[in-house]
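This report concerns only the one structure given below.
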Amino acid sequence: MDTTTGPTAAGDDRPAAPRPVLEAPDIARVLTRIAHEIVERAKGADDVVLLGIPTRGVFLARRLAVKLEEITGRTVPVGSLDITMYRDDLRMRPARALARTEIPADGVDGRLVVLVDDVLFSGRTIRAALDALGDIGRPRAVQLAVLVDRGHRELPIRADYVGKNLPTSLRETVRVQLTEEDGRDGVLLGTRAPAPARER
C-alpha cells in the first residue's frame, strides 16, 4: 500500500496517489459504534430524528437509521436537509442544483435532531445546516454525526459523534465514497496539485 502523502519524488510536485484510510468494513463498524453512542446519549431513540446533508450525508443517515432500528427495535425517522441557499459562499461559487429537503412527517419540533454529514472541515456547512434547520422548526436539541473529522475549523463547531478523527494538512484532500453514489465504500486521503507559479 502506498502511504505517501507528499510529493511523489524529490523535486516532483505531482500529487501522490490517494491512499485508503477507511475501507467498507471500517465504515460499517464505525456507523455501528455511532449508532450505539446515539442510543446511549439519548437514552434510547424515541425522539431521535436523523437529517442527512446531501449528498453523502443522506446515505449515511439512512444507514444509521437502519442500525438504530436494529439496536432499539424502533423505526427512526430520517430525512434530508439541503443547505445550498444558506451557504455563506453562495455568491462565490458556481451555480449548483438544489438538493431535496425531506422532513419526516412528524417534523422536528421538540425532537432530538442528529445532523449527519460525511466530512467535517471548516464548519461552514454545518453552520448553514443549523440556519436551514432553524427555518423548519425548533428541535429540543441538535447534535452532529460525521464519518470523518479532518480538522481545520473556521467556526466554533464540533461533532458529537465521529467515525474517524483524521489529522490533515490543508493541501491534503479527503474523499468519501459510498456505494449508493460511487459504487463502493471507502475514504481516500490524497493531495492537491500545487498552484502554478505566477509569471514574473
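The values are calculated or read from the model by the stated rules, or taken from the named source; none is laboratory data. Remember, predicted model here, so these are calculated numbers, not experimental data. Cβ placement follows ideal geometry from the backbone for every residue including glycine, while neighbour counts extend to all protein chains displayed.
Any residue at all in region 33-45 that is of a type outside the set (A, V, I, L, M, F, W, C) and buried (at least 16 other Cβ atoms within 10 Å of the Cβ)?
No; the residues of region 33-45 include none that is of a type outside the set (A, V, I, L, M, F, W, C) and buried (at least 16 other Cβ atoms within 10 Å of the Cβ).
List the number of the failed condition for D117; all other conditions in (1) more than 21 Å from V48 (Cα to Cα); (2) among the charged types (D, E, K, R); (3) touching a strand residue (DSSP E or B) at 6+ places or on another chain (Cβ under 6 Å) hold.
The failed condition is (1).
With region 25-125 as the region, which strands (runs of 3 or more DSSP E) entirely inside it contain at least 1 residues that are of a type in the set (D, E, K, R) and under 21 Å from D182 (Cα atoms)?
112-120
How many residues does region 120-138 contain that are closer than 21 Å to I34 by Cα and either crowded, with 21+ Cβ neighbours inside 10 Å or of a type in the set (S, T, N, Q) (or both)?
4
Of all residues in region 69-82, which are touching a Leu at 6+ places or on another chain (Cβ under 9 Å) and surrounded by 16 or more Cβ atoms within 10 Å (Cβ to Cβ)?
Selection gives V76, P77, V78, G79, S80, L81, D82.
Being at pLDDT 95 or above and farther than 26 Å from G186 by Cβ narrows it down to one residue among P104, P25, P94, P54; which is it?
P104
If you take the residues in region 171-200 that are of a type in the set (D, E) and either assigned to a loop (DSSP other than H, G, I, E, B) or loosely packed, with under 10 Cβ neighbours inside 10 Å (or both), which one is modelled with the highest pLDDT?
Within region 171-200, the subset of a type in the set (D, E) is 172, 180-182, 185, 199.
Next, only the ones that are either assigned to a loop (DSSP other than H, G, I, E, B) or loosely packed, with under 10 Cβ neighbours inside 10 Å (or both) stay: 185, 199.
On the way: D185: 98, E199: 46.
The residue in question is D185.
Just give me the residues in region 144-161 being buried (at least 16 other Cβ atoms within 10 Å of the Cβ) and free of Cβ contacts under 8 Å to residues at least 60 places away in the same chain, in sequence order.
Selection gives L144, V146, D149, R150, I157, A159.
Looking at V187, V119, which one is without any contact (Cβ under 8 Å) to a residue 60 or more places away in the chain and under 15 Å from the mean Cα position of the chain (by Cα)?
After ruling out the rest, the residue left standing is V119.
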